[in-house]
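Report on one structure; see the data block that follows.
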Amino acid sequence: MTPEQQKQQEAIKERLSTIGQSILILSGKGGVGKSTVAVNLAVALAAKGASVGLLDVDIHGPSIPGMCGLKGREVFTRDESMVPVAFNENLSVMSVGFLLGGTDDAVIWRGPMKYSVIRQFIAEVEWGKLDYLVIDSPPGTGDEPLTVAQFIDGNAGAVVVTTPQQVSIDDVRRSITFCRKLNLAVYGVIENMSGFVCPNCGETIDIFDSGGGEALCREMGVPFLGRLPIDRTIVDSCDTGLPFMLAEDESPVKSAFREITKRLITGEEQAAGKQKKNRKGVDVHETGNTAC
């Protein structure tokens, strides 16, 4: 390792030492609502009084600024560190979207450039002391999620998002395998777009089927965190930049997400204990997460 690389590693280690828990939001398939989950999880944790950072490493599709109502905001530097954009007093956000000149700008980068930017986001962002760092990654198991997973260490794990269809389940299965190969704990699976609750009669219609995510959990031996129904509230929240967990009115998706957050907090605490055992020499596959 060169002196420059050693310096970078020390900077990353120092920055991560102030972060209690890192949660990587993954999916093997695009369009499953991964960014929506990342935003509302960060908001829900912050609403409980936790200090939270939301890091968007979806380099080619940085949607987090718009979903948080932060479009047009700028990132400033202080003492050679980047200062994340404040969403509220408990939540701060960093995204490549803040660094682009306009919403029409396309990011045309190869792997080494993406690696460098992600390293900067982890090593050079002044997060301060965080209880949680929620990381929204692009779909698949390529450069961005691999780079993040290799950088973060200690108390870290993944939440995998899927939709009920088999074509999505097959791709998400690969995400779980990805985590296991990297010894990254899987905190659980969320099945999004799982049924539509009719606002008039209250009947649930399984437009995209239902239960695929839970079946995958049984097969792979990982926790099932819950289902999120299709809800107009989600569309409105993404378009207006107000996360649905902050909406005044109660909704099926808000109620479901509240329960998912509770299960996640419990699950990641259990997984953190298992990771400590693993570092003492116990095989992670033998101590894998509790099956549903």
* Structure fact -> Per-residue ellipticity at 222 nm attributable to helices in the chain (runs of n ≥ 4 DSSP H, -39500 (n - 2.57) apiece, nearest 500 deg cm²/dmol) works out to -12500 deg cm²/dmol
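Over all pairs of distinct alpha carbons, what does the Kirkwood formula give as the hydrodynamic radius of the stretch 146-277, in Å?
Working: mean 1/r = 0.0629 Å⁻¹.
Computed over Cα pairs of the stretch 146-277, the Kirkwood hydrodynamic radius comes out at 15.9 Å.
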* Asked: Principal axis lengths of the stretch 3-279 from Cα atoms, whole Å, largest first?
  -> 62, 42, 37
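So if each residue of separation counts as 0.36 nm, and I subtract the Cα-Cα distance between residue 9 and residue 79, what length gain in nm does that give?
Numbers: separation 70, 0.36 × 70 = 25.20 nm, distance 1.87 nm.
Net length gain for the segment: 23.3 nm.
Where does the stretch 1-152 land on Rg/Rh, using Cα atoms and the Kirkwood Rh? Each step should come with its number before you reach the end.
Details: Rg = 14.6 Å, Rh = 15.6 Å.
A ratio of 0.93.
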* Structure fact -> Links exceeding 22 Å between C-alpha atoms in this model, out of 34/71; 7/114; 181/254; 29/114; 48/129, come to 181/254
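What's the magnitude of the charge dipole for the chain around its Cα centre, counting Lys and Arg as +1 and Asp and Glu as -1 at the beta-carbon? Answer in Debye, nearest 20.
Using Cβ point charges on Lys, Arg, Asp and Glu, the chain gives about 920 debye.
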* **Net charge, residue 220 excluded, C-beta distance under 10 Å - Lys, Arg +1, Asp, Glu -1** => +2
* Structure fact -> When the charge dipole of the chain is computed with +1 at the Cβ of Lys and Arg and -1 at the Cβ of Asp and Glu, the Cα pointing farthest to the positive end, of 39, 149, 167, is that of 149
* Asked: Say a paramagnetic label sat at a point 7 Å from the Cα of residue 116, along Cα to Cβ; which residues of the stretch 133-176 have their backbone N under 18 Å from it?
  -> 143-144, 147-148
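Calculate, for residue 207 and residue 181, the FRET efficiency according to 1/(1 + (r/R0)^6) with r their C-beta to C-beta distance and R0 22 Å; round to the nearest 0.05.
Details: r = 34 Å, r/R0 = 1.53.
E between residue 207 and residue 181, to the nearest 0.05, is 0.05.
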* To do: Quick one: among 120, 166, 150, which has the greatest mean-square fluctuation in a GNM of the chain with alpha-carbon springs under 10 angstrom?
  => 150
* For the chain, with a Gaussian network of springs between Cα atoms less than 10 Å apart, report the residue from 116, 137, 168 with the top mean-square fluctuation. => 116
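We did not get these values from a lab; they are worked out from the coordinates using the rules stated. All of these numbers come straight from a predicted model, not from anything done at the bench. A quick note on method: Cβ atoms are made from the backbone with ideal geometry, for glycine too, and the neighbour counts reach across all protein chains shown.
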